[in-house]
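Bear in mind that the values in this text are calculations on the coordinates, not laboratory data. Quick caveat: nothing in here was measured; it's all calculated off a predicted structure. Quick reminder, even Gly has a Cβ in these numbers, built from the backbone with ideal geometry, and neighbours come from all protein chains shown.
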Amino acid sequence: MMFRILLGAICLCSMALLPASAARKAARHPVADAMTTAAIGLAANAIQSRLSRVPTEGQIEIAFAPLPQRSAERLVIKVIDAAETSVFMAAYQMTSKPIADALCRANARGLAVSAVLDARSNPHGNGNSKRDYLIGCGVDVKADARYPIMHDKFIIVDGKHVETGSFNYSFAAAERNAENAIVVWNNVAMAEKYNVEFDRLFAEAAD
């Protein structure tokens, strides 16, 4: 108790040596800073909670790139991270490490994870491509060279959620381009149609 009294007296003396305006600022700013930090923290937690919440009924979620804050890429990662049984991706470009990491996490959870990529846009064997990165973490990856461009960008999750849109799974799409991504949650009929197309593409592709 005596130590606290002494410490308080030292603080008061220190403030007394400051100009009146500086003393007022010194007394006010720690409280204001703490309140601001707390408010920012609450807002960030609320936004993160809303972004990570997976709808239990059929809903549509839309995001755009590059603003705000790579939201299209975050929506893609959200639907992959929501997977409980399977993730199937068809992709023209796959150069986004955060999305590749999400696929690797799904595979590490024991889910069925497969990807069919455009062969020309996703080189193989140089050790630097995300195609090699996905193979390295155990994802079942094939490349389709049948078309001038295999331009699909879609993901089917658990046979009931579908992500699609203009958004390539790439750094450029996340950071530079004007893009859109859409997730249709809990629509089995839609997911079945995309599954049929994914199976067709995967069957005609090569390792």
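Summary table
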| item | result |
| --- | --- |
| Residue exposure sequence - Arg131, Arg53, Arg105 - by fewest surrounding Cβ within 10 Å | Arg53, Arg105, Arg131 |
| Paramagnetic reach from Met190 (point 7 Å along Cα→Cβ, amide N under 11 Å) across the stretch 51-73 | 58-62 |
| Cα-based Lys proximity count in the stretch 76-164, under 22 Å, for pairs eight or more positions apart or on separate chains | 10 |
| Exposure proxy ranking, count of Cβ atoms within 10 Å, fewest first, for Leu117, Leu75, Leu111, Leu67 | Leu67, Leu111, Leu75, Leu117 |
| Kirkwood-based Rg to Rh ratio, the stretch 101-199, C-alpha trace | 0.95 |
| Counting DSSP beta bridges with both ends in the stretch 86-207, the antiparallel % (nearest 5) | 50 percent |
| Exposure proxy order (Cβ contacts within 10 Å, fewest to most) of Met89, Met150, Met190 | Met190, Met150, Met89 |
| In Hz, Karplus ³J(HN,Hα) per residue of the stretch 181-194 (6.51, -1.76, 1.60; θ = phi - 60°; x = Gly, Pro) | 9, 9, 10, 9, 8, 6, 10, 5, 4, 5, 4, 4, 5, 5 |
| Options Phe154, Phe171, Phe202, ranked by Cα towards positive dipole end of the stretch 56-204, top entry (Cβ charges) | Phe171 |
| Reciprocal mean inverse distance between Cα atoms of the stretch 53-145 - Kirkwood radius, Å | 13.9 Å |
